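The structure that follows is given in the form of structure tokens.
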Amino acid sequence: MQFSGQILKMITENGKPIQYYLNLSGDIIHMNQLFNKKISLKHIGYSCVNCGKNQKVYRMGFCKNCFFESPFASDTIIRPELSTAHLGIGERDLAVEESIQLKPHVVYLAYTGDVKVGVTRESQIPTRWIDQGATFALEIARTENRYEAGMIEVAMKEHFADKTNWRKMLQDDFEDDLDLKDFRERVKEYFPEDFKNFYFDEGHVERLDFPYEAPEKITSFTLDKNPEFEGVLKGIKGQYLYFEGGNFINVRGHEGYVVEMEVE
């Protein structure tokens, strides 16, 4: 089987185990069905996720020009506390920013090798947790907009990391007695006074079941340094494809890359 096209982050379907689908310019490939098959990847160009031009990806799948101009790559995507749409103030495109920021959001704790804090739109649960490779996750706040969630996250970041250590996440090592509910009870005191009413203590701990067993060796590669790669697909966690021998590629980190893919 041969495919070619622009890489986007894998589509996921929560299940036991989670099902993964790679989207290559409209070709939807069920990756779970390719376990133990040899896959060849060849990097042949770029296609910016915003303008579609064959220009080198700068960040997040965007070419450099779009990264600094598109509302889908604005600072509030990374730092929700900077959101101003609730004040009627736009950063790059108010209508787009309102469609993202003025929606119910969730602040959560997730275990991805360490306990971390994060923010996402309510509609992105559990997709966000799956993409981060969270073994466990738990909501700690529900807010009416992105700004409110961001302000809570800022307070939580004094006590928890807000970024995933990809190597620890892929090591898939955790303590059986880890209790996120206990963390949730303790974090209430960290909420800013004006945001305590958003505290949420009713949700259950979500356990994610990835089609993955950690190897002894973990090595990542990119298509920039290794534009042609072939290996036997053994598993998936987060947005990482795991190939025999402990070789990993971050699919989301290659959004906007155009590849030829062959399955034997």
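Laboratory data are not the source of any read-out in this text; all were calculated from the coordinates shown. Note that the structure is predicted; figures quoted are calculated from it, not measured. Every residue, glycine as well, gets a Cβ built from its backbone with ideal geometry; the counts of neighbours run over all protein chains shown.
Among Gly133, Ser4, Pro80, which residue has its Cα furthest toward the positive end of the charge dipole of the chain, with +1 on Lys/Arg Cβ and -1 on Asp/Glu Cβ?
Of the candidates, Ser4 comes out farthest on the positive side.
According to the square roots a ≥ b ≥ c of the eigenvalues of the Cα gyration tensor, what is the shape class of the range 66-199, taking rounded for a/c under 1.5, prolate for a/b larger than b/c otherwise, and oblate for the remainder?
Numbers: a/c = 2.34, a/b = 1.48, b/c = 1.58.
In terms of gyration-tensor shape, oblate.
How big is the charge dipole of the chain about its Cα centre, in debye rounded to the nearest 20, if each Lys and Arg gets +1 on its Cβ and each Asp and Glu gets -1 on its Cβ? Each step should come with its number before you reach the end.
Working: 32 positive and 43 negative charges, 167 e Å.
So the dipole magnitude of the chain works out to roughly 800 debye.
While we're here: Tell me, how many Å apart are the Cα centres for the range 145-161 and for the range 1-42?
Spelled out, the Cα-based centre of one part sits 33 Å from the other.
At 7 Å along Cα-to-Cβ for each site, give me the label-to-label distance between Glu13 and His86 in nm.
3.7 nm
Take Val205 and Lys38, extend 7 Å from each Cα along the Cα→Cβ direction, and tell me the distance between the two endpoints in nm.
4.3 nm
Okay, moving on. What ³J(HN,Hα) values, in whole Hz, does the Karplus curve 6.51 cos²θ - 1.76 cosθ + 1.60 give for the range 258-264 when θ = phi - 60°, with x put for Gly and Pro?
Using θ = phi - 60°, the values come out as 9, 9, 9, 10, 10, 10, 9 Hz.
Simple spin-label model, 7 Å along Cα-to-Cβ: Asn65 to Met1 in nm?
3.6 nm
For the range 104-207, what is the relative contact order in percent, using Cα pairs closer than 8 Å and at least 6 residues apart in sequence? Write out the running numbers ahead of the final one.
Numbers: 171 pairs, mean separation 37.4, N = 104.
Result for the range 104-207 is 36 percent.
Got a sec to turn the phi values of the range 105-111 into Karplus ³J(HN,Hα) couplings, 6.51 cos²θ - 1.76 cosθ + 1.60 with θ = phi - 60°, whole Hz, x for Gly and Pro?
In residue order, the calculated couplings are 10, 10, 9, 9, 10, 9, 9 Hz.
Now for a separate question. Could you work out the helix-only [θ] at 222 nm for the chain, with each DSSP H run of four or more residues adding -39,500 (n - 2.57) and the total divided by the number of residues, to the nearest 500 deg cm²/dmol?
Details: 7 runs with 47 residues, N = 264.
Mean residue ellipticity at 222 nm (helix-derived): -4500 deg cm²/dmol.
Give me, ordered by chain and number, the residues 5 or more places off Ile44 or on other chains with an amide H under 5 Å from its own placed amide H.
Residues meeting the criterion, in which the H sits 1.01 Å from N, are Val258, Val259, Glu260.
Report, in listed order, any pair from Lys38/Lys234; Lys42/Lys225; Lys168/Lys188 with a Cα-Cα distance greater than 18 Å.
Working: Lys38/Lys234 10 Å; Lys42/Lys225 12 Å; Lys168/Lys188 27 Å.
The answer is Lys168/Lys188.
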